[in-house]
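Note sheet for the following structure.
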Amino acid sequence: MTVTVNGLAELKKLAGSDLGSSDWIEVTQDRIDTFADATGDHQWIHVDPERAAAGPFGAPIAHGYLTLSLFIPLFTELLDVRGVTTKVNYGLNKVRFPSPVRAGSRIRLTARLTEVEDVPGGVQIAVDGTIEIEGGAKPAAVLQSLSRFYA
């Protein structure tokens, strides 16, 4: 369920709040191949299903940075900030990829808005996120994302 806030004052009140979990999305081989084309990273473990089946993970796996890039569409399911002029991805703090995402797996984001601090003209938020793999013992990614919202 999406949490919707109107303006920076309401956003500040969310500091320390759990934002819940997004819907599950499938990481298809087609998505992996498209990411490989976009980045030029065509390592066999991602794009050669036959060879990858005999590799260490038993199937092709998503690029770690593909998994990380899916944070944004998953996060937009959790928080909608209205009444601002600009939304900017400011960066990331510690990022880890504890478990690979096999082609055909489903992932979702569980997030907590840990900090909201003033910056010139707006606020910066820190979100602790865990990208889970459906049925997996370990998450695909654990990270802290920083975003800025300007009035």
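The values are calculated or read from the model by the stated rules, or taken from the named source; none is laboratory data. Quantities reported herein were computed from a predicted structural model and do not represent experimental measurements. Neighbour counts run over all protein chains shown; Cβ positions are idealised from the backbone, glycine included. Side chains are part of the model used for accessible areas, which takes the heavy atoms of the whole protein and leaves out ligands, DNA and RNA. Shrake-Rupley method; radii C 1.70, N 1.55, O 1.52, S 1.80 Å.
For segment 48-68, a residue qualifies if it is open to solvent by less than 20 Å² (accessible area, probe 1.4 Å), in contact with a Pro (Cβ under 7 Å, 6 or more places away or on another chain) and assigned to a helix (DSSP H, G or I), and exactly one does: A52. Out of all the residues in segment 118-136, is one or more charged (D, E, K, R) and not in a strand (DSSP E or B)? For segment 118-136, residues charged (D, E, K, R) and not in a strand (DSSP E or B): present. Applying a threshold of 6 Å to beta carbon distances and a minimum spacing of six or more residues, or different chains, the list of pairs starting in segment 135-150 at a residue that is without any contact (Cβ under 8 Å) to a residue 40 or more places away in the chain and ending at one that is in a loop (DSSP other than H, G, I, E, B) and open to solvent by less than 10 Å² (accessible area, probe 1.4 Å) is empty.
When restricted to residues that are open to solvent by less than 60 Å² (accessible area, probe 1.4 Å), more than 15 Å from G121 (Cβ to Cβ) and either part of a loop (DSSP other than H, G, I, E, B) or touching a residue at least 60 places away in the same chain (Cβ under 8 Å) (or both), segment 80-104 contains 7.
Against the numbered list (1) open to solvent by 30 Å² or more (accessible area, probe 1.4 Å); (2) farther than 26 Å from M1 by Cβ, D128 comes up short only at (2). Taken over segment 69-79, residues that are under 15 Å from F97 (Cβ atoms) and part of a helix (DSSP H, G or I) amount to 2.
Can you confirm whether segment 24-34 contains a residue that is polar (S, T, N, Q) and more than 16 Å from G104 (Cβ to Cβ)? Checked segment 24-34: no residue is polar (S, T, N, Q) and more than 16 Å from G104 (Cβ to Cβ). Of the residues making up segment 12-47, just one is in contact with a His (Cβ under 9 Å, 6 or more places away or on another chain), part of a helix (DSSP H, G or I) and open to solvent by 60 Å² or more (accessible area, probe 1.4 Å), namely T39. Find the residue count for segment 112-147, including only residues that are touching an Asp or Glu at 6+ places or on another chain (Cβ under 7 Å), closer than 19 Å to V84 by Cβ and not polar (S, T, N, Q). Count: 3.
Quick check on my filter: what residues within segment 137-151 are surrounded by fewer than 21 Cβ atoms within 10 Å (Cβ to Cβ), of a type in the set (A, V, I, L, M) and assigned to a strand (DSSP E or B)? V142, L146 - these are the residues of segment 137-151 that are surrounded by fewer than 21 Cβ atoms within 10 Å (Cβ to Cβ), of a type in the set (A, V, I, L, M) and assigned to a strand (DSSP E or B).
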